[in-house]
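*Asks:* Here you go, one structure.
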Amino acid sequence: QVQLVESGGGLVQAGGSLRLSCATSGISANINAMAWYRQAPGKQRELVATIQSGTSTTYAEAVKGRFTISRDNAKNTVYLQMNSLKPEDTAVYYCNAGKATPWGYRPYDYWGQGTQVTVSS
């Protein structure tokens, strides 16, 4: 059974940094990519970054150049390094397991509980 546990959220001032972690277990062979999503109050959940089994990554335009997704296969953990944070980055951040396809990232219904990130101005 796939389990995802996020950690690392918190309150930070604008311009600051945070590193989110997603500890994974039970990852099955049909999963070849991981992603971070976020959901701000009153808004839909949006894709932030993806990473494939190798090192190929993608980013939403809003976070390019500020966020970095990475993975440590030995620790079964996916990270999201967030720098130069802005108030508009405030959201609950979720880890997801899915599949990279020629048409983009396909999320499976495997989600963590989420971790709150609040950026004050």
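The values are calculated or read from the model by the stated rules, or taken from the named source; none is laboratory data. Remember, predicted model here, so these are calculated numbers, not experimental data. Neighbour counts run over all protein chains shown; Cβ positions are idealised from the backbone, glycine included. In case anyone asks, the SASA skips ligands and DNA or RNA and just uses the protein heavy atoms, side chains included. Shrake-Rupley method; radii C 1.70, N 1.55, O 1.52, S 1.80 Å.
*Asks:* Could you pull out the residue among Ala29, Ala91, Ala62, Ala40 that is surrounded by 15 or more Cβ atoms within 10 Å (Cβ to Cβ) and not aromatic (Phe, Trp, Tyr)?
*Replies:* Ala91
*Asks:* Go over the candidates Thr68, Thr55 one by one and state the one that is open to solvent by 50 Å² or more (accessible area, probe 1.4 Å), at pLDDT below 95 and of a type in the set (Val, Ile, Thr).
*Replies:* Details: Thr68 fails: at pLDDT below 95.
Just a single option satisfies the conditions, and that option is Thr55.
*Asks:* Quick check on segment 94-110: of everything there that is among the hydrophobic types (A, V, I, L, M, F, W, C) and closer than 18 Å to Ala60 by Cβ, which residue is surrounded by the fewest Cβ atoms within 10 Å (Cβ to Cβ)?
*Replies:* Going through the qualifying residues, I end up with Trp103.
*Asks:* Okay, next question. Just to be sure I understand the filter: pairs with C-beta atoms under 6 Å, separated by 6 or more residues or on different chains, first member in segment 1-26 and open to solvent by 40 Å² or more (accessible area, probe 1.4 Å), second member part of a strand (DSSP E or B) and small (Gly, Ala, Ser). Which pairs pass?
*Replies:* Partner pairs satisfying both residue conditions: Gln3/Ser25; Val5/Ala23; Ser7/Ser21; Gln13/Ser120.
*Asks:* For segment 24-38, how many residues meet the condition of being over 11 Å from the mean Cα position of the chain (by Cα) and not small (Gly, Ala, Ser)?
*Replies:* 5
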